[in-house]
Amino acid sequence: MTLDPVVLVALVVAASLAALVNGIIGFGFALLAVIVFAILLGPKEAVILMSLLTPLMAGLQLVRYRRYLPTWRRFKPLMAGAIVGSIVGAPLLVVLPGPAISIALGAFTIYYVITSWRDDRAPIASATERRLAPVTGFVGGVTNSTIGASGPVFGAYLVALGLRGSEFAFAISLSFFTMSILRASILGALQQYTVAFATAALVLFLPSVSMQRVGFILHDRAPTHLLHRLVLVVLLVASANLLWRGASAMLGL
């Protein structure tokens, strides 16, 4: 991966806005940033770069919502499935062609937009939760490592459990943090990190953390429902662009 100043500035803007949204609504950094990064850098490079940033951003969310830490035991089956899925998904990122990742990321994001537009869902029963948790974790782990996005999987599941607000933010941040640490370790072992990736991550580090902190401050003041709707619209447009680029590359258009 090579970076020119214009691309680097665009990455900083994208990461800063994604971090601001993350701070305000409690999630969305990885999903929003990776799809913009994919347009700027390419889908595979976007996932690799995001793997260096996500542990920090998710970790800071965990610190913010640490009062919910005693509830982590409820999510042990989910985390177990996510760990296995992450181990399976990381090597797939290395071998899959860029256009295939682009199409998968675009389609996955469109699915997320469609399923997230509904506000109310009936909570699932405890027995169903126990059965679904490992499967949901595995699917989310695979998609997180392969296409850099697992919010649609984990978000839909946690909402179905009846989690909202800060409790939801803690649970999904716990999922992201666990998977991101494992994914970064595997990609490092597979020698996917270069000086360019490390440099870009260092440049993005300070603005991302700073804007996330601003989002924390605005959390109780911003119209989070309206902001979430706006994010969905942006994601829909960006994912359609990724689908077109991936399909065009595969068809040789």
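We did not get these values from a lab; they are worked out from the coordinates using the rules stated. Computed from a prediction, not measured in an experiment: that's the story for all the values here. For neighbour counting, all protein chains shown are included, and Cβ atoms are generated from backbone atoms with ideal geometry for every residue, glycine included.
Rounded to the nearest 10 degrees, the inclination of helix 43-64 to the longest alpha-carbon principal axis of the chain is 30 degrees.
In terms of the Cα gyration tensor, with a ≥ b ≥ c the square roots of its eigenvalues, is segment 114-253 rounded because a/c is under 1.5, prolate because a/b exceeds b/c, or oblate? Judged from the Cα gyration tensor, segment 114-253 comes out rounded (a/c under 1.5). Relative to the longest principal axis of the Cα atoms of the chain, the long axis of helix 98-116 lies at roughly 30 degrees.
What does the charge count near S145 come to, summing +1 for each Lys or Arg and -1 for each Asp or Glu among other residues with Cβ under 14 Å from its Cβ? Taking every Cβ under 14 Å from that of S145, the sum is +2. Magnitude of the charge dipole for segment 1-78, about its Cα centre and with charges confined to Cβ atoms of Lys, Arg (+1) and Asp, Glu (-1), is about 700 debye.
Peptides 237-243, 67-73 ranked from most to least packed, by the mean per-residue count of other Cβ atoms within 10 Å: 237-243, 67-73.
Would you mind getting me the FRET efficiency between R73 and L232? Use the beta-carbon distance for r and R0 = 30 Å, nearest 0.05. Given R0 = 30 Å and the Cβ-Cβ separation, E is 0.40. Averaged over residues, the count of other Cβ atoms within 10 Å places the peptides 207-213, 6-12 in the sequence 207-213, 6-12, highest first. What does a probe at R131 reach in segment 57-90, counting residues whose amide N is under 14 Å from the point 7 Å along Cα→Cβ? Counting only backbone N, you get no residues. Under a model in which nothing but the beta-carbon of Lys, Arg (+1) and Asp, Glu (-1) is charged, segment 5-251 shows a dipole of about 500 debye around its Cα centre. With the charge dipole of the chain set up from +1 on Lys and Arg Cβ and -1 on Asp and Glu Cβ about the Cα centre, the Cα lying farthest toward the positive end among the listed residues L218, L32, Y68 is that of Y68.
The packing ranking of peptides 245-252, 175-182, highest mean first, is 175-182, 245-252, where packing means the average number of other beta carbon atoms within 10 angstrom of each residue.
To the nearest 10 degrees, how steep is helix 195-218 against the longest Cα principal axis of the chain, on a 0 to 90 scale? Its long axis makes an angle of about 40 degrees. Projecting the Cα atoms of M250, A107, S180 onto the charge dipole of segment 5-251, computed from C-beta unit charges around the Cα centre, puts S180 farthest toward the positive end.
Expressed in Å, the radius of gyration and Dmax of the Cα atoms of the chain are 17.0, 53. So what is the 222 nm mean residue ellipticity for the chain from helices alone, if each DSSP H run of at least 4 adds -39500 (n - 2.57) and you divide by all residues, rounding to the nearest 500 deg cm²/dmol? Here the helix-only value at 222 nm equals -28000 deg cm²/dmol.
Distance between the C-alpha centers of segment 180-253 and segment 18-85? Whole Å please. Here the answer is 9 Å between Cα centres.
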